Amino acid sequence: MSNYALDKDTFLRRIKRLYSEWREPAIAHDDTLKRIDCIMCVVGVDEDIVYSKSRALEIWLLGYELTDTISIFAKDAVYFLASKKKIEFLKQIENCKEEGVPDIKLMLRDRNDKDKANFDKLKEAMKSSNKGKVLGVFAKDVSTSEFCDAWKAALKGESFENLDVGAALAYIMCPKDEPEINNIRKASLVSVDLFNKYLKDEIMDIIDSDKKIKHSKLSEGVESALTDKKYVSGVDTSVLEMCYTPIIQSGGTYSLKFSALSDKNYLHFGAIVCSLGARYKFYCSNISRTFLVNPTEPMQDNYNFLVNVQEEILKLLKPGAKLNEIYNSTVEYIKKEKPKLYDNFTKTFGFAMGIEFRENSIVIGPKCQAEVKKNMVFNVNVGIANLTNSDASEKEGKTYALFIGDTVLVGDTSPASIMTPSKKKIKNVGIFIKDDSEEEDGDEKEEVKEDKGTEILGRSKRNAVLENKLRTETNTEEKRKQHQKELAQLLNEKAKERLAKQGESKEVEKVRKNTVSYKSMSQMPREQEVKELKLYVDKKYETVILPIFGIPVPFHISTIKNISQSVEGEYTYLRINFFHPGATMGRNEGGLYPQPEATFLKEVTYRSSNVKGHGEVTAPSSNLNNTFRLIKEVQKRFKTREAEEREKEDLVKQDTLVLSQNKGNPKLKDLYIRPNIVTKRMTGSLEAHTNGFRYVSVRGDKVDILYNNIKSAFFQPCDGEMIILLHFHLKHAIMFGKKKHVDVQFYTEVGEITTDLGKHQHMHDRDDLAAEQAERELRHKLKTAFKSFCEKVESMTKQQVEFDTPFRELGFPGAPFRSTVTLQPTSGSLVNLTEWPPFVITLDDVELVHFERVQFHLRNFDMIFVFKDYHKKVAMVNAIPMNMLDHVKEWLNSCDIRYSEGIQSLNWVKIMKTITDDPEGFFEQGGWTFLDADSGSEDEKEEEESEEDEAYEPTDIESDEESEEDSEYSEASEDESDDSEELGSDEESGKDWSDLEREAAEEDRNQEYTADDKTNGKSYDSKKHNSKSSKHSRRDREEQLRKDKKKTTASTSNSSHSKSSKHASSSGHSSKDKHHDKSRDKHNSSSSSHKDKSKDHKSSNHHSSSSSHKRSRDDSQDHSHKSKKSRH
């Protein structure tokens, strides 16, 4: 107890009030204090007793409950008999010499004689106080302990007259001072939060989903929510408790008393009466409400009347009014408005409350004559019982009750102010369930479906405590493996259910409208240049008008791929290349061209003279120069706008920020924003408003972040960092600085990030010491300011925005992007916020984690996050040290996340595509079990592939036969290869005469080498074999090298299969086989040897004579795959 501080000022103020009332009694309705000589207060150790007058008096005076303590209030002194620790606590008030304050005398318990001497001293003090005959006691209190029983035994032999002073002292304690009002206000807000955030939502959810929940179960849920930060915040939960067990009643059985208990009957969807109260630092509060499911008109009328009755009572609660008069006035109001309901109303309309939940002597009833004083706190509760609902179809709904109650504070004037501001109008507590057939509900149902869809993708909110997760028990690994097995069983089932539900809603593809230059001829410009058939750029419609065959033809700027200008001699050339099918080889052009079969203009070139004619101001080429410049400008502007539109097309429209004019809004100044609004970084201020934050830079730029768009909010203090920051990870991207951003960060620097190495430094330099001290003070100041900002925002938003702080001690290094950073877990995420770009993984979205390259001889491993949304790209963290593997596993296991590991790096793009293409098939084949180390599926596949590779070993004969087949169809493929050459030779940049001459000379040389090859029986391409690399299928290089050693002969004889040769005859077989040499020469001697071929084949001989036989690229690749050759 010595560590606890006793509020000396509060004690002196209240003890003065007690003694002044005792010496000069001013309580008109109770004369007990005039008749007593001293007051005795005995507190035992019975934990079952929550409320008692003696405990309340101790708490009121001392701020704490002192068990096994006897307090005697004599006329001139106060005596405390207690144990050593309690006496040390009370020594703080021992020597208080103030007017109106009696002497404080502390007596230490003596266990040797069982306090016999101490009891004698107390009895003497009691006898010497005034007449020493009448003893003021708390008659209803029961104190049980060995110490209390010994004191009672010591008093039996004395002739004291006992008089109950409970009501008189309760009236003295009833007007509350400022600290007491603050405690009751906090308790009231906790009650409101529990009701609104938990109980109300829980009942709505039960009704929506038609669940069967018992009253007692719902009551237990309210009690457990009291310690949940999700529902209760801004208060110290260690001094928070329930005033009574929450009461939930429905189904025709109602007891409108606070001594009632929630039974084990199921919740009935009719009239649901709920009462709960939180107690903060011993001060009580209460709130009572009635939910009405599909209420009839009479039920609504009765409820509205009940609300009016409570409002009437609040008007009458003002200083000077007597409680029985308030009761009588209310009864008259009831009899006047609805006399039939009078007998159904509760017998009292409320009571005073404070440290004790119910003060029985101060009740709004017919017999209490107590006068209302300022700052009294009442629980005003009114109810109507045993009402009949004739329209009810069920037996439970025939009888119903209505009950409402609030904690109220009496002010200077009426009405009394409500401290539990939860709405109670019929529109707020009435639950109207509409029929499915009603068309009005269509929109609401769609909204519900959308909400459920978003919930499907998320893991249930994790509130697992992440501190102290590293345990030292020997069976940690076994427990972890067992837990992972349980998670693995659930993973596939949940994923199948989720994907089945997701399959119902299909995304609609967005079709971008085509750009049109002019919708009608009337929009065509009438400029002189157009009439003179000159090139004209229309900036307004972003169109280039080109003269083609004497007709001005408009082309939108989006159809132009690029332009080039060149000057050759006396002429200027302007070349314009257009987009057309086939221009972007290898890309998906499906949606780019609505009519891909139409005729497209590929390119157009204009020539104009640089020489000025007689009387001309400018040369004709100036038109081309001007057009070139304007096209570039318009193209740049168009591309910029297109980029912005692409950025904006996925944006979700945000609500409008509601600015709060309150000057006390939480605000932080001198903050930088990341990413920057402009290139140069600027400071600004961040302020919290009604429904979101607004950041305003010194330049006036504004960035709004709404509370309902924040997925995760983080506060990272400056401990071990050079910056202190607030980070917001958003649900939907917002637009600023012409780009979309999902992560927005506000930070300020702490100390110097850069150090001047040229400066002479000394460890005892006064300047350096002063700078270090200043930096420490700055860190502390910033940390306090940021923490205060976070707490205010959390309180203001009622936990809608909750700031998470990373656990630095649980961090581990990794490289999510280019550089290695420290990744730090939070209660629901894994983040790195210091480096930019930030790395934020929300654990709710994670399906599983896979570790790659987990081998003992490697220093690092990789970590892959697979998300529940399989269309989302997996997140990867590289280069995590191997010694952190157990640490990371333990953390993931504590967060209920399934993990697996393997020795290889997987192709996740193909894996995820396989899953999304056929999710049902994927899960039928075992789902994610393929990642387990003991599945062995990868090893089996590799063995099968290696067996297939070894099974095919081609011989010389097979290769020769293939060469003949190749030579036969190589001519037919010449057309295709030549055509592909023409398509591939997109001469956008243009070839000059020197390039064409060089190519012709090379082709002549090739023909000379071909003639030599015919005589020598050797292929020109075989000479170039060492300079070209063969294309082959992808495989493990080590295994291939091993196979190459075994197949040296085969690979030598089949070397020509891996090249794209000029002659089909030279690419098919070895030169050693004379028979095939003859057949090859015979085949290539002339085109007349192919008379049996079709006309198309004959026409291909023309190509073979001019450019030699060429094998198509596809054939070359196919043969290189079959030959199983390695690169030389």
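Structural remarks
- Within the range 260-275, the only residue that satisfies the criterion of being among the hydroxyl-bearing types (Ser, Thr, Tyr) and open to solvent by less than 20 Å² (accessible area, probe 1.4 Å) is Ser275.
- For the range 382-391, the candidate set comprises residues that are out of contact with any helix residue (DSSP H, G or I) (no Cβ under 7 Å at 6 or more places or on another chain) and open to solvent by 10 Å² or more (accessible area, probe 1.4 Å); within that set, the residue that is modelled with the highest pLDDT is Thr388.
- Of the numbered criteria (1) in a strand (DSSP E or B); (2) in contact with a helix residue (DSSP H, G or I) (Cβ under 9 Å, 6 or more places away or on another chain); (3) buried (at least 20 other Cβ atoms within 10 Å of the Cβ), the one Cys718 fails is (1).
- Restricting the range 468-501 to residues that are among the polar types (S, T, N, Q) and open to solvent by 50 Å² or more (accessible area, probe 1.4 Å), the residue that is modelled with the highest pLDDT: Gln482
- Set Ile673, Ile710, Ile705: member being more than 21 Å from Ile723 (Cα to Cα), touching a residue at least 60 places away in the same chain (Cβ under 8 Å) and buried (at least 19 other Cβ atoms within 10 Å of the Cβ): Ile710
- Enumeration of residues in the range 572-584 that are surrounded by fewer than 16 Cβ atoms within 10 Å (Cβ to Cβ) and in contact (Cβ under 8 Å) with a residue 40 or more places away in the chain: Gly582
- Number of the exception - Glu158 against (1) touching a helix residue (DSSP H, G or I) at 6+ places or on another chain (Cβ under 7 Å); (2) more than 22 Å from Met107 (Cβ to Cβ); (3) surrounded by fewer than 17 Cβ atoms within 10 Å (Cβ to Cβ): (2)
- Residues in the range 135-148 that are within 14 Å of Cys41 (Cα to Cα) and surrounded by fewer than 18 Cβ atoms within 10 Å (Cβ to Cβ): Ala139, Lys140, Val142, Thr144.
- The residue list Leu122, Leu90 contains one member that is within 55 Å of the chain's Cα centre (by Cα) and assigned to a helix (DSSP H, G or I), which is Leu90.
- Check on Glu47, part of a helix (DSSP H, G or I) and either surrounded by 18 or more Cβ atoms within 10 Å (Cβ to Cβ) or modelled with pLDDT under 85 (or both): no
- Of everything in the range 897-925 that is assigned to a loop (DSSP other than H, G, I, E, B) and touching a His at 6+ places or on another chain (Cβ under 8 Å), the residue that is surrounded by the most Cβ atoms within 10 Å (Cβ to Cβ) is Gly902.
- Among all residues of the range 796-803, there is none that is more than 21 Å from the chain's Cα centre (by Cα) and either under 22 Å from Val831 (Cα atoms) or surrounded by fewer than 15 Cβ atoms within 10 Å (Cβ to Cβ) (or both).
- Out of Leu630, Leu624, Leu601, one residue alone is aliphatic (A, V, I, L, M), surrounded by fewer than 16 Cβ atoms within 10 Å (Cβ to Cβ) and touching a residue at least 12 places away in the same chain (Cβ under 8 Å). It is Leu601.
- Meets criteria (surrounded by fewer than 19 Cβ atoms within 10 Å (Cβ to Cβ) and more than 44 Å from the chain's Cα centre (by Cα)) for Val331: yes
- Residue count for the range 125-164 under the criterion of being among the aromatic types (Phe, Trp, Tyr), under 59 Å from the mean Cα position of the chain (by Cα) and not in a helix (DSSP H, G or I): the result is 1.
- Residues being open to solvent by 10 Å² or more (accessible area, probe 1.4 Å) and in a loop (DSSP other than H, G, I, E, B) - total across the range 53-87: 8
- Residue count for the range 97-124 satisfying the condition of being touching a residue at least 60 places away in the same chain (Cβ under 8 Å) and surrounded by 15 or more Cβ atoms within 10 Å (Cβ to Cβ): 2.
- Scanning the range 827-852 for residues that are in contact (Cβ under 8 Å) with a residue 40 or more places away in the chain, hydrophobic (A, V, I, L, M, F, W, C) and farther than 25 Å from Thr929 by Cβ turns up Val831, Leu833, Trp836, Val840.
- Condition check for Lys663: without any contact (Cβ under 8 Å) to a residue 24 or more places away in the chain, over 30 Å from Gly811 (Cα atoms) and exposed (fewer than 12 other Cβ atoms within 10 Å of the Cβ): yes
- Failed criterion for Gly692 (all others in (1) surrounded by 14 or more Cβ atoms within 10 Å (Cβ to Cβ); (2) more than 23 Å from the chain's Cα centre (by Cα); (3) at pLDDT 90 or above hold): (2)
- Residue in the range 211-234 that is least open to solvent (accessible area, probe 1.4 Å), counting only those that are over 22 Å from the mean Cα position of the chain (by Cα) and acidic (Asp, Glu): Glu223
- Condition check for Ser361: open to solvent by 10 Å² or more (accessible area, probe 1.4 Å), free of Cβ contacts under 8 Å to residues at least 40 places away in the same chain, touching a helix residue (DSSP H, G or I) at 6+ places or on another chain (Cβ under 9 Å) and on the phi < 0 side of the Ramachandran plot: no
Listed here are the residues, each with its yes/no results for (1) under 46 Å from the mean Cα position of the chain (by Cα); (2) of a type outside the set (Lys, Arg); (3) over 21 Å from Lys424 (Cβ atoms); (4) at pLDDT below 95.
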position	(1), (2), (3), (4)
Pro295	yes, yes, no, yes
Met299	yes, yes, no, yes
Leu316	no, yes, no, yes
Pro319	no, yes, yes, yes
Lys335	no, no, yes, yes
Pro339	no, yes, yes, yes
Asp343	no, yes, yes, yes
Thr346	no, yes, no, yes
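- Criterion: exposed (fewer than 14 other Cβ atoms within 10 Å of the Cβ) and at pLDDT 90 or above - qualifying residue of Asp208, Asp193, Asp177: Asp177
- Residues located in the range 235-259, provided they are over 26 Å from Val382 (Cβ atoms) and open to solvent by less than 70 Å² (accessible area, probe 1.4 Å): Val235, Thr237, Val239, Leu240
- Subset of the range 841-858 [open to solvent by 10 Å² or more (accessible area, probe 1.4 Å) and in contact with a Lys or Arg (Cβ under 9 Å, 6 or more places away or on another chain)]: Thr842, Asp844, Asp845
- Filter result (under 22 Å from Asp177 (Cβ atoms) and touching a Gly at 6+ places or on another chain (Cβ under 7 Å)) within the range 25-67: Ile39, Lys53
The values are calculated or read from the model by the stated rules, or taken from the named source; none is laboratory data. Remember, predicted model here, so these are calculated numbers, not experimental data. All Cβ positions, even for glycine, are placed from backbone atoms using ideal geometry, and neighbour counts span all protein chains on display. When the accessible area is computed, the model is the full protein with side chains, heavy atoms only, and any ligands, DNA or RNA have been set aside. Shrake-Rupley method; radii C 1.70, N 1.55, O 1.52, S 1.80 Å.
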